[in-house]
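Chemist: Please see the structure below; I have some questions.
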Amino acid sequence: MTAATLAGFIGSALVGLGLYGLITDPQPIRKILGFNLIGSGVFLLFGIVARKGAAAGFAADPVPQAMVITGIVVAFSASALAIALVLRLYEVAGPVSLRSEHTSNKAEK
Amino acid sequence: MNAAPIASASTAGGSLLWLAIILPVVGILASLLSGGRHAERIALLLMPTGFGIAIAIAIFLWRSGQPLVYVIGGFNPPLGIALRADGFSAVMLVTTALIVAAAGFYARAIFATPPGITEARAPLTFWILLQAIWASLNLVFLGGDLFNLYVAIELLTFAAVPLVCLDSRAETISAALRYLLFALCGSVFYLLGVALLYGAYGTLDIVLLSDRVSSEPVVWVAAGLMTAGLLAKTALFPLHLWLPPAHANAPAACSAVLSALVVKGSFFLIVRLWFGVLPNVPHEAVSFILAALGSAAILFGSVLALQQERLKLLIAYSTVAQIGYLFLMFPLVQGPNLWVAEAWSGGIMQTLSHAFAKAAMFLAAGLIAESLGHDRIRDLRGIGAVMPMTLFAFGLGGLSLMGLPPSGGFLAKWLLLKASIEAGRPIWGAVMLSGGLLAAGYLYRVLAPALSSDILHLKAPPRRSREAVALALALTAIALGFAPKAFFDFLQIGRVAVAGGSS
Amino acid sequence: MNALGLVLLIATPATPLVMLALCGSQARRDFLSSCLWIAPLPALGAALMTIGGQSSAFAAPAIGYTLFIDKVAGVLLLVVAILWIGAGLAAARREARDVRFSVCWMLTMAGSFGVFVAADLLTFYLLYALVSIPAFGLIMRNGDAASKRAAGVYMAFTILGEAFLLAAFALLAAGEPNGSLQIHDVIAALPGSPWRDGALALIIASFGLKIALVPMHGWMPLTYTAAPLPAAAALSGAAVKAGVIGLIRFLPFDTALPDWGEALAAVGFISAFYGVAVGITQHNLKTVLAYSSISQMGVIAAVMGMGLASAIPGTALDSAVYAAHHVLVKGALFLSIGVAAVASQKYRPLVMWLSAIMALSLAGLPMTGGWLAKLVVKAPLGDGIAGTLADLSAAATTLLMLHFLMLLARMAQQSPQTKTQVAIDASWLALAISSVVVPWLLYPVVVGGLGEALTASAIFKSLWPVLFGAALAYGLRPWDHRLLSVPEGDIINLMEAAFRASLRLGETFERLDLRLRQWPAATISLGIIALLLAAAARASR
């Protein structure tokens, strides 16, 4: 098994685990963690892609690395925003889960 | 139309593209630095300027008849990043500039920094995020690189989500959180697809990719992932869980921007993906699925709009339905057929007219809710007599949604209907017609009691200028119904011929 | 084409809209009620010029709107304009105090004129929507439960008709090889179009709905009963003719289509007799007139059906002349109800006699306008079974009209005498007189000399249906109050019940929506859609 294959497997496993958490767990924080797991998995896969040096014949293509770094920044901001919202929600309404419909259609202002 | 030229050099007017994106960004930075009430002034000052730039881009495009290109920093793709504008981008830029400006002028009354305070949280956030939405939408419409577009669509989400919960009620924060998390799900799907495409072809530049891709497994998987991810952000049925609570509970000015523009951003990328990146990959079955989901959205969203008891929720579900119409163009824009141009124009027309009509309706609904203190549909009897201008704006928007003439919605429906018949797929036309009937049904529920002669008392009459903003948007949706043929020629600029099913 | 003709042509649909726009400010609201009868004047002028031999066309290619006027349109436009003036004068006094009513009136009027002069599909569709949809506000005027119900039902039918029409137009446009949207081009291409049958079915369905052919007639009695009298007059006389001009314009009379023609004729005759059968069980004057409209529109449909079946030349103009007679008579009869209710003892005979002449004119009493109208449609109907059915329908109309006159006389007698309303309404009188005179003026110009129609035997031939109907009415008198009582709108009640039942489907959708919007469901859908799309991309190869 090459390093690339191993990284590929780990990446896929991370994506799978993250997806499972995102789908099943009603806790917002765990969903955010799940999202980060998927993100890490995708970045790993991106890293493998970089080895192929697919662009203009570089030995190691630098473009995917730049993309991964950008992606990490984006994921970080997303997590920060999500955490901020969860904290704010906790301040206003106490512990919450996303399982039930909070905003029923029939609710009136 | 011929295939788009492989342009790797900036064209005349190309630097306008860069300007269109950077202008709101400068506005954001300036607002952050100066803070307080300056944010409002800066935003309002930049809006006419941004509109001027969008118009200038359209004029350049019209003159040259070819897409505008700007290569950032002079680094050519695949290493560098290009910005491109075709007919669709240009009309979306103009639409965005108009609606953002309208929302801004409308929101001045609610999001003014109160006198005596140097800075208030909600107004500052609103003005900065409004500009951020504008900047990221412009980037979405102009980006020529799939990863660049990923960043753009993420920025769009980050800017849109907080607008939902500016009032910090548990209800709205929860809606915002749902919106954010589901949009993030979509993002990772999209990103995964981007990674696969890069691995296979070594470039993410749209024009370069369109030349290199062929119909093979990696492309199928990548396209499936990217499209699904974007659908999540577009809230196409059955991925609409976040839309009704988010759009219905946000402040009216925000709802207008979210419903009219933000969901169109990801839709725009789906169009770019299939007609810009993958024009050589046959996708008859994909189009069928998209159109089938669109039809389900029309039926489902309209029936649920009929069930709602609150005006803003009704409008939000109507958005769910109207998004469905956008996807009916996919099976009709296939192959080198005569009706393709018609369907393409119809699809874009639907995008534009829905943007204006829906923005007008949300703004009008916001005025109604402010003036009455509620937006319960059953208690709107007689609103037509006390707020005639607002209701007129709402009704004109509704006219376009129903697809009655003269309106952009009618023209869109007519073009798509005709194309569906000529393409031998009248089923999509039938869906459109039944959607129109259902739309008439849910609008009747609002308009008929609103026009009754019951006496209604307002808490506070609406400001004329804000009513005028809603009315101006509605009139724009109507004016689109008078679009001359030249306008449709303009929409075709840069459209890439799509492979037929048999090729 | 001269400049005046062109100006009048454009002004025909534009005047009501421009006047409406000018009355936008609060200060000019009082002027709006006068506009109700001033706005039709250009249409009247355009119609007169056209009948005088002038035809005009107008095109605004930049936005794609085109107008034209020919003799067929001229005939209908003339009488429709007269009716709008008369009804406008009647409405200006009371109903027009409500701004919403006046606005809807002007919009409906603009559409009503416009459909006659529209030259292309999109213009026609726009103006057809204008004559149909704002009428909602006219029906709603009284604001009571019955008018709300009627307006709702009317709206449902109208919107359905609009959808049918849009589909029909899309089929017509798709069938025209050169991409022209001009009505005469698409109709010329229709017989050879691959979508011919679909287009014809939708055309007949949508316009049939507008002229209330059975079984799409339920809205008409409800609507005319609920609307104020001037509005009922305008709607029954003028607005309905949008459906007639629609059939005239969009049926390809140059090509014989026996199947479609005979089907239309059959539906028409069924409506003609059905309208009378239900009409004589009604006791509300407005409802009786509404059922008479169903019957009369059925006759027109039958005429057009027979013309279409064997491509009889002149069917379009013949149908237009027949419809033109109905415009003035039906409009004036609706106003008669209001006039008879307040007429003092002195004027009552005049009211009754004029009403009687108009009512029996509908049945084709010799020397009336209706007699001329029936002479005109002899050619398409022929002497065969259709001709006999037409005579029988005239007898049936006599029966219905005598029922109406009896009800009218009873009401006039029972109405309290008020001293304030001694003089009779001049607008009604003018309208009633023109309904008698105009056909006589029109006939020689449009059709030609009367010739042998004036011989004694020919006159007797047209007299017997009336006599037969009168005999029937006399025979049925003992059963007057024992006839089955049918609710107004008859089968509309069943339709409404079915509609309400279908609304329950919404709750099912609501439950489903709640399920789909759960997190796990939505995220799993996302995954499934991604897989589906990938599989579909593979399958498209």
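Chemist: Quickly run through the stretch B:309-353 and pick out the residues that are buried (at least 24 other Cβ atoms within 10 Å of the Cβ) and within 10 Å of chain C (Cβ to nearest Cβ).
Modeler: B:Tyr317, B:Val320, B:Glu342
Chemist: Also, I was wondering about something else. Taking the stated definitions as given, is B:Ala357 crowded, with 24+ Cβ neighbours inside 10 Å, in contact with a Gly (Cβ under 6 Å, 6 or more places away or on another chain), in a helix (DSSP H, G or I) and away from chain C (no Cβ under 14 Å)?
Modeler: yes
Results for (1) in contact with a Cys (Cβ under 9 Å, 6 or more places away or on another chain); (2) part of a loop (DSSP other than H, G, I, E, B); (3) at pLDDT 95 or above; (4) surrounded by 24 or more Cβ atoms within 10 Å (Cβ to Cβ), shown as yes or no for each residue.
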residue	(1), (2), (3), (4)
B:Ala228	no, no, yes, yes
B:Pro244	no, no, no, yes
B:Gly276	no, no, no, no
B:Pro282	no, yes, no, no
B:Ala292	no, no, yes, no
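Chemist: Quick one: which of C:Gly161, C:Gly152 is within 14 Å of another protein chain (Cβ to nearest Cβ), assigned to a helix (DSSP H, G or I) and surrounded by fewer than 21 Cβ atoms within 10 Å (Cβ to Cβ)?
Modeler: Just one listed residue meets the conditions, C:Gly152.
Chemist: Could you tell me which numbered condition B:Ala477 fails, if it satisfies all but one of (1) in contact (Cβ under 8 Å) with a residue 60 or more places away in the chain; (2) touching a Lys or Arg at 6+ places or on another chain (Cβ under 9 Å); (3) at the interface with another protein chain (Cβ under 9 Å from one of its Cβ atoms)?
Modeler: It fails just one condition, (3).
Chemist: Can you tell me which residue among B:Ser215, B:Ser168, B:Ser210 is surrounded by fewer than 24 Cβ atoms within 10 Å (Cβ to Cβ) and either facing chain A (nearest Cβ under 10 Å) or under 29 Å from B:Ala103 (Cβ atoms) (or both)?
Modeler: Exactly one residue qualifies, and that residue is B:Ser168.
Chemist: Any chance you could count how many residues in the stretch B:144-155 are touching a residue at least 60 places away in the same chain (Cβ under 8 Å) and buried (at least 24 other Cβ atoms within 10 Å of the Cβ)?
Modeler: Of the residues in that region, 5 qualify.
Chemist: Mind checking whether some residue in the stretch B:178-186 is of a type in the set (Ser, Thr, Tyr) and either within 8 Å of chain A (Cβ to nearest Cβ) or farther than 18 Å from A:Ala78 by Cβ (or both)?
Modeler: no
Chemist: Let me ask something else about it. Does at least one position in the stretch B:96-116 carry a residue that is surrounded by fewer than 24 Cβ atoms within 10 Å (Cβ to Cβ) and on the phi > 0 side of the Ramachandran plot?
Modeler: yes
Chemist: Hey, another quick one. Criterion first (surrounded by 16 or more Cβ atoms within 10 Å (Cβ to Cβ), under 21 Å from A:Phe35 (Cα atoms) and either modelled with pLDDT of 90 or more or facing chain B (nearest Cβ under 9 Å) (or both)) does C:Ala534 satisfy it?
Modeler: Considered against the rule, which asks whether it is surrounded by 16 or more Cβ atoms within 10 Å (Cβ to Cβ), under 21 Å from A:Phe35 (Cα atoms) and either modelled with pLDDT of 90 or more or facing chain B (nearest Cβ under 9 Å) (or both), C:Ala534 comes out as no.
Chemist: Pairs under 9 Å by beta carbon, first residue aromatic (Phe, Trp, Tyr) in the stretch C:485-500, partner in a helix (DSSP H, G or I) and surrounded by 15 or more Cβ atoms within 10 Å (Cβ to Cβ), six or more apart or different chains?
Modeler: Listed pairs, sorted by first residue: C:Phe499/C:Ala156.
Chemist: Separate question: Have a look at B:Phe141, B:Phe126 and point out the one that is surrounded by 24 or more Cβ atoms within 10 Å (Cβ to Cβ), more than 9 Å from chain A (Cβ to nearest Cβ) and more than 18 Å from B:Ser89 (Cβ to Cβ).
Modeler: Exactly one of B:Phe141, B:Phe126 is surrounded by 24 or more Cβ atoms within 10 Å (Cβ to Cβ), more than 9 Å from chain A (Cβ to nearest Cβ) and more than 18 Å from B:Ser89 (Cβ to Cβ), namely B:Phe126.
Chemist: Pick from C:Ala242, C:Ala316: which is in the same structural domain as C:Ile203 (by TED's automatic domain parsing) and in contact with a Ser or Thr (Cβ under 9 Å, 6 or more places away or on another chain)?
Modeler: C:Ala242 is the lone residue from the list that is in the same structural domain as C:Ile203 (by TED's automatic domain parsing) and in contact with a Ser or Thr (Cβ under 9 Å, 6 or more places away or on another chain).
Chemist: Something else now. Of the conditions (1) within 14 Å of chain C (Cβ to nearest Cβ); (2) buried (at least 23 other Cβ atoms within 10 Å of the Cβ); (3) of a type in the set (A, V, I, L, M), B:Met389 clears all except one; give me its number.
Modeler: Single failed check for B:Met389: (2).
Chemist: If I filter the stretch B:10-32 down to residues being in a helix (DSSP H, G or I) and more than 24 Å from the chain's Cα centre (by Cα), which single residue comes out as farthest from B:Gln66 (Cα to Cα)?
Modeler: Looking at the filtered set, the residue picked out is B:Leu32.
Chemist: Among the numbered criteria (1) modelled with pLDDT of 80 or more; (2) over 20 Å from B:Pro162 (Cβ atoms); (3) more than 8 Å from every other protein chain (Cβ to nearest Cβ), which one does A:Val42 miss?
Modeler: (3)
Chemist: Moving on. Which condition number does B:Phe487 fail, the rest of (1) at the interface with chain C (Cβ under 9 Å from one of its Cβ atoms); (2) more than 27 Å from C:Ser102 (Cα to Cα) being met?
Modeler: (1)
Chemist: Would you be able to tell me the number of residues in the stretch B:430-446 that are surrounded by fewer than 24 Cβ atoms within 10 Å (Cβ to Cβ), within 9 Å of chain C (Cβ to nearest Cβ) and in contact (Cβ under 8 Å) with a residue 12 or more places away in the chain?
Modeler: 3
Chemist: A further question on this structure: Tally the residues that are buried (at least 16 other Cβ atoms within 10 Å of the Cβ) and facing another protein chain (nearest Cβ under 7 Å), restricting the search to the stretch A:12-38.
Modeler: 6
Chemist: Moving on to the next point. Of the conditions (1) closer than 26 Å to A:Val86 by Cα; (2) among the aliphatic types (A, V, I, L, M); (3) more than 9 Å from chain A (Cβ to nearest Cβ), B:Val151 clears all except one; give me its number.
Modeler: Looking at each condition in turn, B:Val151 falls short on (3).
Chemist: Tell me which helices (runs of 4 or more DSSP H) are completely within the stretch C:438-541 and hold 1 or more residues being within 30 Å of the chain's Cα centre (by Cα), or say none if there are none.
Modeler: Those helices (runs of 4 or more DSSP H) span C:456-476, C:492-503.
Chemist: Looking at C:Leu138, C:Leu67, C:Leu121, C:Leu107, can you tell me which residue is surrounded by 20 or more Cβ atoms within 10 Å (Cβ to Cβ), in contact with a strand residue (DSSP E or B) (Cβ under 9 Å, 6 or more places away or on another chain), of a type in the set (A, V, I, L, M) and within 14 Å of another protein chain (Cβ to nearest Cβ)?
Modeler: Only one candidate qualifies: C:Leu121.
The values are calculated or read from the model by the stated rules, or taken from the named source; none is laboratory data. Quantities reported herein were computed from a predicted structural model and do not represent experimental measurements. As a convention, Cβ positions derive from the backbone with ideal geometry for all residues, glycine included, and neighbour counts pool all protein chains shown.
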